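Laboratory data are not the source of any read-out in this text; all were calculated from the coordinates shown. This structure is a prediction, so every number in the text was calculated from the model and none was measured. Neighbour counts are summed over all protein chains in view; Cβ atoms, including those assigned to glycine, are modelled from backbone coordinates with ideal geometry.
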Amino acid sequence: MRSDHAAITVLPVDLLIHIIDLVPEPSDRKSIRLVSRAFHRAECLQRRDLKVLRREALSILIRCYGAIERLDLSACAGLDDGWLAAALGGGAAPELRKVNLSRASGVRWRGLAAMVRGCPRLEAVDLSHCVGVGDLEVAALAELAGLKELRLDKCLGVSDVGLAKVAVGCPGMERLGIKWCLEISDLGIKLLVKKCRDLKALDISYLMVTNKSLHSISTLGRLEVLKMVGCYYISDDGLHYLNNGNNHNTLLSVDVSRCHNVSSAGLASVVTGHKTLRKLKASDCFIELPSDFLSKFGVLTNGFHTLKVDGSEVSVPRLKTIGANCKGLIKIGLGKCKGVTDEGISELVSNCAGLKTVDLTCCHDVTDDSLIAIADSCKNLESLLLESCSLITEEGLEYIGTSCPNLQEVDLTDCDIDDAELKSLSRCSELRVLKLGLCPDISDGGIDYIGSKCEKLQELDLYRCTGIGDDGLASLVYGCKKIRKLNLCYCTGITDQGMKYVSCLQELEDLELRGLTQLTSLGIAAIAIGCPRLVELDMKRCTSVGDIGFQALARYSLNLRQINISYCNISEMVLIRLLWNLRCLQDVKLVHLTQVRREGFMLALRTCLDKLKKLKLPSNLRNVISPALIQILQDRGCRIRWVDKPIPFFMRDSPPSSPDP
């Protein structure tokens with residue numbers, strides 16, 4: 001061993017860095033760091049990306065990895081101005097170009113100002129879902145003259161004033177997201193467009209803007225992506241402004257989904273006026289798609305490849321027209337579209353052989369004939385969404401499994417399939433995502449087919465698949481060791497033995513166990529010990545789990561950021577310990593914990609004042625918990641949701657929880 005370490009130390013740093021570059025998995029990189037100090041020093045010089053989960057480690061990590069260019073603090077619990085200023089305010093990360101502060105609800109203008117002073121070369125900042133961010137915070141960012149990308153989605157305090165400041169201070173802005181910033185009006189958009197002439201991507205979704213804003217936006221000569229989902233005051237007149245604007249040769253993507261005052265005529269003008277268009281999303285806009293509108297797609301000359309028209313009525317002639325005029329389609333979205341039949345799908349795919357994503361969610365008339373047509377034409381298919389397509393059978397999936405070797409995602413939720421269909425689907429060895437919720441006829445035998453042949457599976461949804469038990473999980477875990485997300489909600493046949501199998505999934509990050517009444521503390525303890533990467537855990541209505549299980553979570557599951565223990569039997573002291581120990585916790589649901597008194601809730605919440613971003617509580621506590629405590633939580637950026645639901649009969653007057661045997 002000593003000779004091996006000595007050999008490593010004589011290798012030049014650039015060679016060690018090259019070795020690290022060849023290791024993509026974070027867990028493997030961590031193992032390399034632990035091999036020797038030489039590898040650790042090399043990674044300190046090589047590393048460009050850093051994601052921090054605990055604020056206490058932020059300053060240390062920044063000093064260690066001084067060459068980082070991209071910093072993700074979106075999951076850093078309890079981050080506030082003081083911690084941010086201490087880590088970045090002194091210039092410890094001079095090369096930093098991009099920082100993600102989304103949902104960092106404790107950060108305000110003082111912390112951002114310190115960050116700007118310490119990192120003057122920043123080019124991209126993400127503050128999305130920081131509901132407390134307003135004009136002062138945006139003004140602090142306006143000092144970054146080189147800022148090119150800014151996301152302010154759902155920053156409810158940002159108004160025209162803040163937008164004007166950032167427009168004046170950052171004239172080189174190229175990408176801006178102001179979705180749900182409801183205080184921004186046409187005036188703010190006008191000022192933005194006047195100052196930021198290099199804008200390439202703009203998201204104004206759900207803003208209360210009118211056609212005047214589109215008139216301003218139409219003058220942007222470099223605009224490539226425009227999203228205006230749910231802009232109810234925009235009409236065809238606004239789209240005509242786009243047609244007559246300066247971005248004829250640049251606009252690549254337009255999203256007008258849920259713009260209810262937009263008609264096919266207005267959208268047709270956008271299509272004919274922008275021959276470079278590649279993506280168009282118009283979900284929930286039209287009752288019916290006219291053929292004359294669809295025929296306009298024939299003028300697009302630069303590789304139009306994505307069309308989403310969810311919620312429209314699409315008959316056979318319409319699908320035939322789409323196929324004839326959009327032969328280069330890669331993605332088609334027909335979710336909840338009326339009139340979609342086997343004949344229409346056949347007409348579509350016969351001309352669109354390059355399709356990789358087909359969304360037929362809730363197209364109830366689709367049968368095996370559609371799947372056969374897709375399998376025959378779309379050999380490079382990667383994603384097939386068939387939720388609530390209950391007429392498909394083993395025959396159709398057999399064709400898909402045989403003819404589409406690149407298939408990576410399949411959604412068969414509520415398709416009433418059984419083991420025979422899963423056997424056919426298991427031929428798709430490249431599967432990463434498989435959703436089988438609401439299919440009660442699936443048994444352990446069907447899961448065995450998946451476990452034996454789909455070793456690359458990363459996400460599996462078995463919601464309410466009541467025929468699945470512990471043996472099925474054993475087969476799954478044996479073959480699919482890379483699973484990161486697993487939904488077992490209301491699979492009532494699963495017991496602690498099944499959890500012992502699941503605990504072998506060391507890469508598991510998201511686990512849903514809602515309603516598993518046979519599950520006890522033994523099963524939860526196995527998960528806590530065996531799944532160290534677990535980030536999200538849903539245990540709602542796991543009524544047989546007692547304090548020992550929650551104590552195991554408090555001790556071993558230190559990376560948990562989201563947990564739902566509503567309707568569970570947990571005592572006051574264990575709840576307090578759980579919320580105190582889970583240092584990364586940000587989202588917690590505590591509805592109807594009948595063994596916890598008012599004082600217990602208050603003590604538990606005081607232990608995590610600096611961490612929580614989202615909290616769900618029963619409404620009967622609203623007038624019981626101290627108003628001062630609620631105010632402190634809200635002032636620190638925590639959004640509290642009060643739920644008015646009756647206590648289930650079986651939980652009323654239940655005795656205090658007793659220790660597990």
Taking the dipole of the chain about the Cα centre (Lys, Arg +1; Asp, Glu -1; charges at Cβ), the one of Met208, Cys542, Gly479 that reaches farthest to the positive side is Met208
CD proxy, 222 nm, the chain: helix-only mean residue ellipticity via -39,500 (n - 2.57) per DSSP H run with n ≥ 4, per residue, nearest 500, stands at -10000 deg cm²/dmol
So, relative contact order of the chain in percent, Cα under 8 Å, 6 or more apart, is 5
For the chain, the dipole about the Cα centre with charges only on Cβ (Lys and Arg +1, Asp and Glu -1), to the nearest 20 debye, works out at 3040
Among trypsin sites (Lys or Arg not before Pro) in the stretch 464-495, those in a DSSP loop whose Cβ has at most 16 other Cβ atoms within 10 Å are Lys481, Lys482
Taking a ≥ b ≥ c as the square roots of the Cα gyration tensor eigenvalues, with a/c under 1.5 meaning rounded and otherwise prolate when a/b beats b/c or oblate if not, the chain comes out rounded
Under the rule rounded for a/c under 1.5, else prolate if a/b exceeds b/c, else oblate, using alpha carbon gyration tensor axes a ≥ b ≥ c, the stretch 540-642 is classed as oblate
Looking only at lysines whose Cα falls under 21 Å of Lys611's and that sit 8 or more positions away or on another chain, we get Lys51, Lys154, Lys589
Toy charge model, Lys and Arg Cβ at +1, Asp and Glu Cβ at -1: the stretch 310-403 dipole around Cα centroid in debye, rounded to 20, equals 540
Partner lysines whose C-alpha sits under 16 Å from that of Lys481, ignoring same-chain residues fewer than 8 away, are Lys453, Lys456, Lys500
Of all GluC sites (Glu not before Pro) in the stretch 420-481, the ones in DSSP coil with at most 15 other Cβ atoms within 10 Å are Glu430, Glu455
Interchain or sequence-distant (5+) residues whose placed amide H lies within less than 5 Å of the amide H of Glu288 are Glu313
Which of Lys148/Lys613; Lys200/Lys356; Lys165/Lys190; Lys179/Lys281 exceed 21 Å between C-alpha atoms? The answer is Lys148/Lys613; Lys200/Lys356
